[in-house]
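Asker: Dumping the structure here so I can ask a few things about it.
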Amino acid sequence: MPAATVPDSTGGVTVSEISTTSATLGWMRPAYDGGAAVLDVVVELSTDAGATWVPVPHAATTSTSLALTGLVGGTTYLARVASLNIIGVGGWSPAASFATDLVPATPPRQLTARLTGPREGQLSWLAPSDLGGATSVTYVVESSRDAGATWVPLEIEPFSARSFHVDGLARGTTYAFRVLTLNGAGASSPSNEANVLSPRTVASAPRGARAKPSSITSTSATIQWLAPHDSGGALIVDYVVDVSVNNGRTWVRLKKPQSRTRAVRLTGLKAARSYQVRVRARNQVGLSDWAMTSFTTDEQRRDRNPR
């Protein structure tokens, strides 16, 4: 009787039931057991394309399958199997490659935010430390205007750049930003938060200043206007009105109580005289640019109820 030897190579390795952290290996028995019963198998895994191999601990088995657990999501593995008899370990099977399911990536790192203009800013961050097994990831930016109580995704498609330009910031408002990483498994947890404060400024000029035509008499007129398009992020507390009778060479400030009312009644005017009027808004920061208008009083007094 010939002396026993190690078994032939194990063959036909298959991988099934793959999940994020587990998989099931199957294999074919060696064609020849070496003349001694197979007592166990040796299973090894590699995560570096076969440069190094790590044995998989398991109870002795003569089965042709083994459940692998404790795997890392989003990782590509090579698996090989060899049969063991009383003489020793037989030849290795061909390596079988498989990849565990992706897991969410880790968050972007070191998010920073800075203002680049009165109503715009720039966000930047570092890539996640772990892509969750994906070869590439995208990002989505969220913003909050209530100190993080609620978050709103910015209305853009996910993107791969690690910076983002934000504009249209409301003046005098503090914004918080955070970024999430996206891969095939979904979204990561959020990055750190980064804040910017869009500074308050003076308002833009009042709009549509004019003398209401039906209000003009020989001695009076009503000047009206619309609120500034941009309040500067601060409360408008008053409107300043100046009047000129010499085409703006000199101006006289209209004395009136502080008011947010967008109209004034000019009285004591002279008949058939041209007047120039300018109006500016005052907010909690300062004074806006002027809005200008002009009108001419009637040649003679007439009764009219201004509205």
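Asker: Among the residues of segment 231-259, which ones are open to solvent by 20 Å² or more (accessible area, probe 1.4 Å), of a type in the set (S, T, N, Q) and over 50 Å from the mean Cα position of the chain (by Cα)?
Answerer: N246, N247, T250
Asker: Could I ask something else about it? Which residues, counting only those in segment 65-95, are buried (at least 16 other Cβ atoms within 10 Å of the Cβ), in contact with a strand residue (DSSP E or B) (Cβ under 9 Å, 6 or more places away or on another chain) and in a loop (DSSP other than H, G, I, E, B)?
Answerer: L71, G74, T75, N85, G90, W92, S93, A95 - these are the residues of segment 65-95 that are buried (at least 16 other Cβ atoms within 10 Å of the Cβ), in contact with a strand residue (DSSP E or B) (Cβ under 9 Å, 6 or more places away or on another chain) and in a loop (DSSP other than H, G, I, E, B).
Asker: Which condition does P257 not pass, out of (1) within 17 Å of S214 (Cβ to Cβ); (2) modelled with pLDDT under 95, if it passes all the others?
Answerer: Looking at each condition in turn, P257 falls short on (1).
Asker: Would you say A227 is open to solvent by 20 Å² or more (accessible area, probe 1.4 Å), under 41 Å from the mean Cα position of the chain (by Cα) and closer than 30 Å to P199 by Cβ?
Answerer: yes
Asker: Next question. How many residues are over 30 Å from G172 (Cα atoms), open to solvent by 60 Å² or more (accessible area, probe 1.4 Å) and of a type outside the set (G, A, S) when one looks only at segment 260-301?
Answerer: Selection size over segment 260-301: 8.
Asker: Of all the residues that make up segment 169-183, how many are open to solvent by 40 Å² or more (accessible area, probe 1.4 Å) and modelled with pLDDT under 90?
Answerer: The qualifying residues number 1.
Asker: Please give the strands (runs of 3 or more DSSP E) falling wholly within segment 160-223 in which 3 or more residues are within 26 Å of the chain's Cα centre (by Cα) and of a type outside the set (A, V, I, L, M).
Answerer: Hits in segment 160-223: 163-167, 174-183.
Residues are listed down the side, and each one gets a yes or a no for (1) open to solvent by 20 Å² or more (accessible area, probe 1.4 Å); (2) outside any strand (DSSP E or B); (3) touching a strand residue (DSSP E or B) at 6+ places or on another chain (Cβ under 7 Å):
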| site | (1), (2), (3) |
| --- | --- |
| D101 | yes, yes, no |
| P107 | yes, yes, yes |
| A113 | yes, no, yes |
| T116 | yes, no, yes |
| Q122 | yes, no, yes |
| W125 | no, no, yes |
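Asker: Same structure again: Can you give me the number of residues within segment 270-293 that are without any contact (Cβ under 8 Å) to a residue 60 or more places away in the chain, assigned to a loop (DSSP other than H, G, I, E, B) and within 18 Å of W225 (Cβ to Cβ)?
Answerer: So the count comes out to 0.
The values are calculated or read from the model by the stated rules, or taken from the named source; none is laboratory data. Please read all numbers here as calculations on a predicted model, not as lab measurements. All Cβ positions, glycine included, derive from the backbone under ideal geometry; neighbour counts span all protein chains shown. With ligands, DNA and RNA removed, areas are computed over all heavy atoms of the protein, side chains included. Shrake-Rupley method; radii C 1.70, N 1.55, O 1.52, S 1.80 Å.
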